[in-house]
Amino acid sequence: MSRGKQVDPAPAVVVLGGGIAGLCAARELTAAGRRVTVLEASATFGGSVAGHELAGLTLDAGAESFSTRSDTVPALARELGLGALVRTPNPTGAWLYLPGQDGRGQAFPLPASGLLGIPADVRDPGLTALIGRAATVRAGLDRALPLGGLLNQEQLSLGAVVRARMGAEVLKRLVAPVVGGVLSADPDDLDVDAAVPGLRAMMRRHRSLGAAVGAMRAAAPAGTAVAGLEGGMHQLTSALTQRLERDGAALHPSEAARNLARTPEGWSITTSSRTLTADAVVVATDGPTAVDLLASTVPRIQEDRPAVVPAVALVSLVVDVPQLDAAPRGTGVLVARNVADVRAKALTHATAKWPWLAAAAGPGNHVLRLSFGRGADGDDTARLPDDELQSIALHDASVLLGVDISPSDVVDWDVVRWTNALPHATLGHRDRVARIRAAAANERGLEITGAWLAGTGLVSVIDNARDRGAALARRLLAGR
Ligand SMILES: Cc1cc2nc3c(=O)[nH]c(=O)nc-3n(C[C@H](O)[C@H](O)[C@H](O)COP(=O)(O)OP(=O)(O)OC[C@H]3O[C@@H](n4cnc5c(N)ncnc54)[C@H](O)[C@@H]3O)c2cc1C
């Protein structure tokens, strides 16, 4: 009997972190025939794309929509058999809650044509109600003023772009509350290229900020800035884990990587219970954990350790309040800093936003999600115990929606807490990422991915993770 030629097993890759970044990188590697193990610290996979059960409904506990600026998420959904579930939200739009004369807030509809609060068209009648006539005239100068050297600045914040083109009131009363509510960040801290990828190029082409935003909105296939999945975004990560398991990947929940070290042949990864070896690793955790894990192999990246970001607490309420059927504040409310009567930074009226969820919840039942934790001005609301947060959420929801919601209306509720989950791509982000990539490039069989490098948001994270996973697969194939 002739002996068959011994075939070397495909190089083994260990992915550290089972959020959407780690899962997408793992998918590229298994698709290329690599043997993949994914280690996830928590009991479930998905990271910020997770579900939770309330009142018999499975709701999104983290991300609940995606940007339609590219086909990234629909393409992944199609690959996973979820393509038919893509839905656009109710077009009624959101509201803003801004400080009034006495410090208490006042609700205004958010102009619908914008992006992160930046208005595409200053003739929108709602804009004058929000910022006044003089500030609207100032905002209109954006279409006339030459761009000058603004876009040539290497380091440019979103706040600086908005202030220079449309004036301080648009920044203070529109963009800051939206960015604060959505990204838990101050627009003056955010790198414009990470906050709105492609905006600089669009401004160069259209010679104004408003025209650039309008063109970006028009280019989105859905005609809206965001879309979601019927049944929730968490299906994306559950389908990914199922597909990975089917394709032979080994998925280990509740197993945090504690140490990562180089060996003569590759890598060794230590968890609380064992040590694994691998030809290659993908580090797909949050930023501070990644920097710690890479401390001995790529010490240079310590200098670019990401800043700690504010903790966020999400209070979800399922309430039986038929007056909310009228969706008094559209799809939800973004709250400016410094309003005296509300501590939440945003409220999503999920059953008003997603018709499929309203149908699932049933008549008169509503799902509200309030987020707490600006991290600024000593605001530590996000750290309060659950029951205190629940009563603040009921108060804030009543004020923001203009409808009394009492404890007896609550059918179910919970609090989900996120730490290090919304990293800020602050000024100089691109240079920091380039330095980290350059330092890691010298290490054979190493890739790093995740929101702390790619930028927050599913499109950026998925694109980056897929690119990095595919690049590593190619290098392993080439024996590099
Ligand atoms: C509340 C919330 C709402 C959001 N809403 C939206 C939205 O509507 N639309 C949108 O586009 N984006 C949204 N985002 C952002 C988006 O969800 C994230 O940018 C993206 O999911 C980040 O994915 P990630 O894999 O990089 O990180 P994570 O999801 O943070 O995954 C990292 C994983 O690594 C694990 N880990 C950490 N340490 C270790 C270790 N030592 N060993 C093993 N595993 C470890 C963690 O447990 C986690 O599962 C939201 C985020 C949050 C928090």
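The values are calculated or read from the model by the stated rules, or taken from the named source; none is laboratory data. All of these numbers come straight from a predicted model, not from anything done at the bench. So basically every Cβ, Gly included, is an ideal-geometry build from the backbone, and we count neighbours across all protein chains shown. SASA here: full protein model, heavy atoms, side chains in, ligands and nucleic acids out. Shrake-Rupley method; radii C 1.70, N 1.55, O 1.52, S 1.80 Å.
Relative to the globular-protein estimate of 2.2 N^0.38 Å, the Cα radius of gyration of segment 306-404 stands at 1.10.
For a quick check of your reading of the filter: which trypsin sites (Lys or Arg not before Pro) in segment 57-163 sit in a DSSP loop and have no more than 15 other Cβ atoms within 10 Å?
Working: sites: ARG69, ARG78, ARG87, ARG104, ARG123, ARG133, ARG138, ARG143, ARG163; in loops: ARG69, ARG104, ARG123.
In loop regions of segment 57-163 (DSSP not H, G, I, E or B), the sparsely surrounded trypsin sites (Lys or Arg not before Pro) are ARG104, ARG123.
For the chain, with all protein chains in place and a probe radius of 1.4 Å, 52% of the accessible heavy-atom surface sits on carbon or sulfur.
Over all pairs of different C-alpha atoms, segment 18-133 has a mean inverse distance whose reciprocal, the Kirkwood radius, equals 18.3 Å. Annotation for segment 219-321: GluC sites (Glu not before Pro) lying in DSSP loop with at most 12 further Cβ atoms inside 10 Å of their Cβ are GLU265. Rounded, prolate or oblate, given the Cα gyration tensor of segment 115-224, with a/c below 1.5 counting as rounded? Verdict is rounded for segment 115-224.
By DSSP, the beta bridges lying fully in the chain are antiparallel in about 70 percent of cases.
Computed from the Kirkwood radius of its Cα pairs, the Stokes-Einstein diffusion coefficient for segment 395-480 at 10 °C and 1.306 mPa s stands at 95 µm²/s. With all protein chains kept in place, the per residue accessible area of the chain amounts to 42 square angstrom at a probe of 1.4 angstrom.
Could you please state, rounded to a whole Å, how far the C-alpha centre of segment 53-109 is from the C-alpha centre of segment 325-354? Value for the Cα centre distance between the two parts: 12 Å.
What percent do you get for the relative contact order of the chain when only Cα pairs under 8 Å and 6+ apart count? Before the final figure, lay out the partial values.
Working: 992 pairs, mean separation 114.4, N = 480.
24 percent.
The string of couplings for segment 325-333 from the Karplus curve (6.51, -1.76, 1.60, θ = phi - 60°) is 4, 6, 6, x, 10, x, 7, x, 9 Hz, one whole number per residue in order, with x for Gly and Pro. Rg ratio for the chain: its Cα radius of gyration over 2.2 N^0.38 Å, N being its residue count, equals 1.01. With the helix formula -39500 (n - 2.57) applied to DSSP H stretches of n ≥ 4, the chain reaches a computed 222 nm mean residue ellipticity of -9500 deg cm²/dmol.
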